[in-house]
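Below is one structure, written out as structure tokens, with a few remarks after it.
The values are calculated or read from the model by the stated rules, or taken from the named source; none is laboratory data. The structure displayed is predicted, hence computed values, not measured ones. We place every Cβ from the backbone using ideal geometry, glycine too, and count neighbours over all the protein chains shown.
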Amino acid sequence: MTLPVADRVAIHELLALHGHLVDAGELDRMGELFTADVVYDVTAFGFGELHGHEAIRSAALALGDRNPVGHHVTNVHVTEDADGTVRAVSKGLGIHTDGSVGSVVYEDVVRREGAGWRIAHRKVIPRRTPLRP
């Protein structure tokens with residue numbers, strides 16, 4: 001099955017909205033990004049899996065000034081599995097207060113709900129090692 005262009009655009013916009021809401025501190029709007037049963041996997045950063053909007057919000061607040069001041073998403077690639085599962089993989093850049101930059105890969109499973117597309121599962125994978133052929 002081929003995912004319609006309108007759905008692909010909506011998914012791209014969903015992923016872009018994450019940085020805008022988080023950077024603006026609009027953590028009460030997590031329902032615009034994530035399903036109610038979202039699993040946000042930040043195990044690679046030592047935080048395990050966060051379940052639900054409140055867990056994501058609480059983790060962001062606990063990080064405080066260690067949060068990036070800018071979240072940027074790029075290189076979005078959307079695919080659909082044979083069973084209809086829709087996945088998006090993208091690159092993320094985090095700009096820190098000292099000007100340093102971190103790079104991650106977001107592996108998302110997105111799901112269409114009544115209000116539109118939402119992230120149901122996100123795994124955040126830090127990029128710390130350059131390509132070594």
Which of the following residues is within 12 Å of the chain's Cα centre (by Cα) and over 15 Å from K123 (Cβ atoms): I95, I11, I56? I11
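Scanning for something surrounded by 18 or more Cβ atoms within 10 Å (Cβ to Cβ), of a type in the set (D, E, K, R) and closer than 30 Å to T2 by Cα, does segment 101-108 turn up at least one residue? Even if it seems obvious, please write down each step before you answer.
We begin by selecting, within segment 101-108, every residue surrounded by 18 or more Cβ atoms within 10 Å (Cβ to Cβ); these are 104, 106, 108.
Right, trim to of a type in the set (D, E, K, R) and you get 108.
Restricting the remaining residues to those that are closer than 30 Å to T2 by Cα gives 108.
So far as segment 101-108 goes, yes, one or more of its residues are surrounded by 18 or more Cβ atoms within 10 Å (Cβ to Cβ), of a type in the set (D, E, K, R) and closer than 30 Å to T2 by Cα.
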Pick from segment 68-78, criterion at pLDDT 95 or above and of a type in the set (V, I, T), ranking: farthest from the chain's Cα centre (by Cα): V78
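For every residue, the table says whether it meets (1) within 23 Å of V76 (Cα to Cα); (2) assigned to a loop (DSSP other than H, G, I, E, B).
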{"residue": "T2", "(1), (2)": "yes, yes"}
{"residue": "H12", "(1), (2)": "yes, no"}
{"residue": "L17", "(1), (2)": "yes, no"}
{"residue": "G25", "(1), (2)": "no, yes"}
{"residue": "Y40", "(1), (2)": "yes, no"}
{"residue": "E54", "(1), (2)": "no, no"}
{"residue": "A59", "(1), (2)": "no, no"}
{"residue": "L63", "(1), (2)": "no, no"}
Please name all residue pairs, on different chains or six or more residues apart, with Cβ atoms under 8 Å, provided the first residue is in segment 85-101 and is in contact (Cβ under 8 Å) with a residue 40 or more places away in the chain and the second residue is assigned to a strand (DSSP E or B) and basic (K, R). V86/R111; V86/R112
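The rows are residues; the columns are (1) at pLDDT 95 or above; (2) not β-branched (V, I, T).
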{"residue": "I11", "(1), (2)": "yes, no"}
{"residue": "L17", "(1), (2)": "yes, yes"}
{"residue": "A36", "(1), (2)": "yes, yes"}
{"residue": "F45", "(1), (2)": "no, yes"}
{"residue": "A59", "(1), (2)": "no, yes"}
{"residue": "L63", "(1), (2)": "no, yes"}
{"residue": "R66", "(1), (2)": "no, yes"}
{"residue": "E80", "(1), (2)": "yes, yes"}
Just a yes or no: is a residue in segment 28-35 within 16 Å of D108 (Cβ to Cβ), in contact with a Pro (Cβ under 8 Å, 6 or more places away or on another chain), among the hydrophobic types (A, V, I, L, M, F, W, C) and assigned to a helix (DSSP H, G or I)? no
Within segment 69-85, residues in contact with a strand residue (DSSP E or B) (Cβ under 8 Å, 6 or more places away or on another chain) and over 22 Å from G31 (Cβ atoms) come out as V69, G70, H72, T74, N75, H77, T79, E80, D81
